[in-house]
Amino acid sequence: MVKKSKLDLKEPVAPIIDAQFAAMKKMGFPGMENFTKLSDLFGAEVNTVTLRNLLAMQSGIPDFDTANPSRTGPDRDPFRATVYANPSKDYLEPELLSEPWVATGKLTSKPGEGFHYSSTNFGLLGLILAHHAGVADYRHLNQSAFLPESFAEVAKTIGWAQTGSPQEHGVTPGFDRTDYNGQDPKKNPVGVPVVQVNGVFAGWSAADFVGPPSAVAELGHALWGKDSLLVPPAYRDLMVPNMTTHDFESAFYGLASQNVGLMGITGGSRKSPYSTAYGHLGATYGYDSVFAYNPALDAGIAIGTNIETASQTQPSDAFCGVYNRVKNYLLQERVETCTYSTAGYYGGQCKCK
């Protein structure tokens with residue numbers, strides 16, 4: 001849409017989203033009773049937030065998804081607790097925006113500065129798409145319409161879960177093995193089953209993609225790959241994180257793209273072109289996943305798991321082995337034995353010999 005001049009990365013998003021709010025309110029969309037515009041939720045400074053700020057996780061808009069890892073005590077996640085206590089409830093976007101930890105009346109940081117991950121940003125981006133499509137009830141937006149005709153077969157394998165539980169969408173049962181809110185993975189090693197929990201998909205366009213890893217691999221390669229099909233290469237390049245530095249704060253996030261290479265899951269020297277990888281993690285209640293693309297090999301790999309852990313180790317561990325086996329094959333190298341050791345939520349080390 002930026003390529004077609006329908007949107008501008010420097011454009012403030014408040015007028016667009018406020019217009020969508022007005023359309024939703026006019027149709028009687030539930031949850032719109034407490035606000036009419038973004039500034040009602042986040043104060044006047046939100047009117048300076050641009051499309052680029054939303055995509056780059058630099059908006060300062062609070063995250064509705066309240067995971068709060070702690071170095072000194074138990075990890076807290078109030079929204080997770082709410083979701084598990086109300087498994088059959090669907091959470092609409094106006095409700096999430098109205099949560100007290102979201103609608104604080106101010107931003108958490110100055111727009112355009114720092115890196116502050118917020119799933120709320122992706123929900124607001126979805127409302128922008130709905131507005132441009134003229135769809136007041138965003139739940140009726142056909143998100144597959146943004147895929148080119150050449151992806152008709154891939155589109156048949158994916159869906160969009162605006163409502164319902166993973167079970168209702170044919171998703172493999174997932175298990176939350178984190179320690180959030182006092183959950184004890186040692187006492188309950190299987191984890192909390194989430195297949196019947198609607199809140200897994202809470203967050204609208206931040207969380208509603210349903211599809212197999214093969215579809216994610218196809219779409220990811222079509223987005224970031226050498227012959228990008230989803231966006232023109234010049235615009236694809238705008239998305240790629242800063243690859244010239246290894247400073248996490250300034251180099252981890254591009255535009256809706258993560259510098260997955262900084263997580264250490266590819267192995268090898270940081271100076272090697274084969275250690276570069278960008279894409280995105282997918283961590284939600286009961287499921288951890290990752291897609292990463294390496295430009296030197298023009299190869300993208302998607303890993304999906306039906307387990308969520310506090311360190312999301314298992315997709316990184318699988319990626320470490322699979323990626324290096326693919327690399328060995330494509331470069332006709334001797335096969336390496338690779339092992340992955342975790343070092344927290346966003347990092348670890350893949351070592352091969």
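Here, each number is a calculation from the coordinates, and none is a lab measurement. The structure displayed is predicted, hence computed values, not measured ones. Cβ: placed from backbone, ideal geometry, glycine included. Neighbour counts: every protein chain shown.
Quick one: check the C-alpha center-to-center distance for the stretch 316-332 versus the stretch 118-170, whole angstrom.
Each part's Cα centre sits 32 Å from the other's.
So, with +1 on the Cβ of K and R and -1 on the Cβ of D and E, and no other charges, what is the size of the charge dipole of the chain about its Cα centre, to the nearest 20 debye?
It works out to roughly 680 debye.
Using per-residue counts of other Cβ atoms within 10 Å, averaged over each peptide, order 193-204, 315-326, 19-30, 158-169 from highest down.
Ranked by mean Cβ neighbours within 10 Å, highest first: 193-204, 315-326, 158-169, 19-30.
Taking 0.36 nm per residue of separation and subtracting the Cα-Cα distance, what length does fully extending Asp227 through Lys156 add?
Here the answer is 23.3 nm.
Can you run phi through the Karplus equation (6.51, -1.76, 1.60; θ = phi - 60°) for the stretch 221-228 and list ³J(HN,Hα) in whole Hz, with x for Gly and Pro?
5, 5, 8, 9, x, 4, 10, 4
What is the local net charge at Asn259, summed over the other residues whose Cβ is closer than 12 Å to its Cβ (Lys, Arg +1; Asp, Glu -1)?
Summing Lys and Arg as +1 and Asp and Glu as -1 gives -1.
Could you check which residue among Phe64, Phe252, Phe151 shows the biggest mean-square fluctuation in a GNM of the chain with a 10 Å Cα cutoff?
Of Phe64, Phe252, Phe151, the Gaussian network model singles out Phe151 as fluctuating most.
From the phi angles alone, apply the Karplus equation (6.51, -1.76, 1.60; θ = phi - 60°) to the stretch 169-181 and give each ³J(HN,Hα) in whole Hz, x where the residue is Gly or Pro.
9, x, 8, 4, x, x, 9, 8, 10, 7, 10, 4, 6
Restricting things to alpha carbons, find the Rg to Rh ratio for the stretch 212-352 using the Kirkwood radius for Rh.
0.94
Hey, what number do you get for the chain at 222 nm if only DSSP H runs of n ≥ 4 count, each worth -39500 (n - 2.57), divided across all residues, to the nearest 500?
Per the formula, -7500 deg cm²/dmol.
Please report how far the C-alpha centroid of the stretch 337-353 lies from that of the stretch 274-313, rounded to the nearest whole angstrom.
Rounded to whole Å, the Cα centres lie 13 Å apart.
Which three extents, in angstrom, do the Cα atoms of the stretch 160-234 have along their principal axes, listed largest first?
50, 26, 20
Check Val2: other-chain or 5+ apart residues with amide H under 5 Å from its amide H, H built from backbone geometry?
Hits under the 5 Å cutoff: Leu7.
Residue-wise, which Karplus ³J(HN,Hα) couplings in Hz belong to the stretch 99-108, taking 6.51 cos²θ - 1.76 cosθ + 1.60, θ = phi - 60°, and x for glycine or proline?
Karplus-based 3J(HN,Hα) across the stretch 99-108 equals 4, x, 7, 9, 7, 8, x, 7, 8, 7 Hz.
Given H placed on each backbone N at 1.01 Å, which residues far from Tyr287 in sequence or on other chains put an amide H within less than 5 Å of it?
Long-range HN contacts for Tyr287: Glu308.
If all Cα-Cα distances of the stretch 14-147 are sorted into 5 Å bins from 0 onward, what percent lands in each bin, rounded to whole numbers?
Over the stretch 14-147, the share of Cα pairs per 5 Å bin runs 2, 10, 18, 22, 20, 16, 9, 2, 1, 0 percent.
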